[in-house]
Every structure is written in C-alpha cells, then in structure tokens.
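Please read the structure below before turning to the comments.
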Amino acid sequence: MTSPASGGIAFRGVRVFAGARLLLNVPDLQLTETRITVIGPNGGGKSTLLQLVNGLVEPTEGYVSVDGQDTVDQGRAVRQRTGFVFSSPAAQLVMPTPLEDVELSLRRSLRDTSKRRAAALRCLTELGIAELAERSSQELSSGQQQLVALATVLALRPQILVLDEPTTLLDLVNAQRFNQRVEKLGQLHGITTITATHDLDLAARADRTLLVHDGRIIADGPPGDVISTYRHRSAV
Ligand SMILES: Nc1ncnc2c1ncn2[C@@H]1O[C@H](COP(=O)(O)OP(=O)(O)OP(=O)(O)O)[C@@H](O)[C@H]1O
C-alpha cells in the first residue's frame, strides 16, 4: 500500500492565479478513491482543478503530485499515466480516420506498424466501435467522435483518466453508453477516474464528490451529501 503522503493525487498549498485574479485555491487535498466526480456552477474552477492533475495547468503556488510524482517537474511521466478527455472531441481528433488517430497515440509505445495497427483495432473493438475504424472522423456523430477520443486516450493504458464534461455534446442514450463504457473499462483495468460533470446522476455514481465554487472546494464527501448541498445552494 502506498503511504498517504505519496499515494493517489495530492494538492498541497495550491493556488492558481491569472494575473492578480485567484482562479483556484486548494490548500490540502488527497484523492485516493477510484471514482471521483467534480461538480459545481459554471466558472467555479472544475476544469482548472482537473487540468492541474496532469500538468496542463501549473500551480502558481504549491504543488500537485500523482503517486508522488510532481505534475510540473515530472510532467511527462505524470502525463504518461494520466489520460485527459476533453468535452470537445474535435480537440483530440487530428487524423483522417479513427484507426489512424489511435495509431498516432501508440506511435511511441509500439514501433512495429502491424502490431500498432492490431493494437489500435483491439482498442476500438473494446469500446464497441470497430466498425468506425476506417470511416472519416469528420463525418462521425459527436457521440461517435467522443468514443474515438476516449479510445485514443485508453490506448495508452492510463492509470488515471481525467474526463472534463465528456458527455456535454451527447444525447441521453449516447451519454449513458459513454458512461457505461468508461465505468466498465475502469473496473476492468483498475483505472481511477476523475470526472467533471453537470450531470448529477453521473456525479452520484462515484466514491467521492467535490463541489467547486468560486475557486474553492466547498463540499467534499459521499456524492449524496455533496449533491444535496449543491442543490440546496442552487435553489432559486
Ligand atoms: N486561461 C485562463 N485565463 C484566465 N482566466 C481563466 C483561464 N481559464 C479559466 N479561467 C477562469 O477561471 C475560472 C474557472 O474556470 P473553469 O473553466 O475552471 O471553471 P469550470 O467550473 O470548469 O466552468 P464550466 O462549468 O463553465 O466549464 C473562470 O472564472 C474562468 O473565467
């Protein structure tokens, strides 16, 4: 077992500024649960919090570590084990077809092109989208694109998966399908997931939920309690 000081995701004395403006203030946070959800109003700081986990945002003060590795000093190592899925899949799909995008993710870990192609296909198959492999990515629906974006990240077998409002563009059926696949693969491969979401049903399916408001974590604990606090505060 890892020690509480180094295991999981740790924030110590973290403050993020944009100029003089304080965007996020997290004095002390240790995340060791498998499924974590982050909720809160627009502009509260959820994305900033998530992006600190893999060094996409650097703390102005303090530090963030993943299993003892500093997200700034050891950013590359952290990013190798921490996959990030954005709300807009277009940001993550750069190749003409899904198969080529997953192959691109694997270019460093698998040099042999035929093995790489086979691994990319396996990854698409695992997500139930093998039939999309050679379609034009631009012509896929948002839901299909979001699953392909997830495949490009999962291909690298991350230990931690950070999902920033991943189902915003999806209809109810596709959002449920996406969430079920993430959940199933998370359990299958022992992946920790941290998901920012406005979907409170999804937020409830977690071991721990954080409520972020005005750049601070104002509630933290079992999802039911934290969601009630959020609903209570948001009541108009
Ligand atoms: N690069 C940046 N420069 C300046 N301010 C920023 C930057 N990125 C975010 N902010 C500000 O930081 C605050 C937190 O934004 P953030 O995107 O983290 O919130 P959020 O909770 O994810 O919001 P939403 O639910 O709308 O996605 C906002 O006031 C936003 O305007």
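The values are calculated or read from the model by the stated rules, or taken from the named source; none is laboratory data. Treat the numbers as computed from the prediction; the structure is a model and nothing was measured. Reconstructed Cβ throughout: ideal geometry from the backbone, glycine too, with neighbour counts over all protein chains shown.
Here are a few things to note about the model shown:
- Close pairs (6 angstrom Cβ cut-off, 6 or more residues apart or separate chains): in a loop (DSSP other than H, G, I, E, B) in region 114-141, not hydrophobic (A, V, I, L, M, F, W, C) anywhere: 127/181; 133/98; 134/97
- Condition check for residue 202 on (1) without any contact (Cβ under 8 Å) to a residue 60 or more places away in the chain; (2) surrounded by 18 or more Cβ atoms within 10 Å (Cβ to Cβ): one failure, at (1).
- Residue count for region 147-178, restricted to those that are polar (S, T, N, Q), at pLDDT 90 or above and not in a loop (DSSP other than H, G, I, E, B): 1.
- For region 58-75, filtered to residues that are in contact with an Asp or Glu (Cβ under 8 Å, 6 or more places away or on another chain) and buried (at least 16 other Cβ atoms within 10 Å of the Cβ), the residue that is nearest to residue 201 (Cα to Cα) is 64.
- Identity of the residue in region 1-41, on the phi > 0 side of the Ramachandran plot and within 12 Å of the ligand (Cβ to nearest atom), that ends up surrounded by the most Cβ atoms within 10 Å (Cβ to Cβ): 40
- Flag for residue 218 being in a helix (DSSP H, G or I) and among the β-branched types (Val, Ile, Thr): no
- Of all the listed residues (44, 55), the sole one being crowded, with 19+ Cβ neighbours inside 10 Å, within 16 Å of the ligand (Cβ to nearest atom), among the small types (Gly, Ala, Ser) and within 16 Å of the chain's Cα centre (by Cα) is 55.
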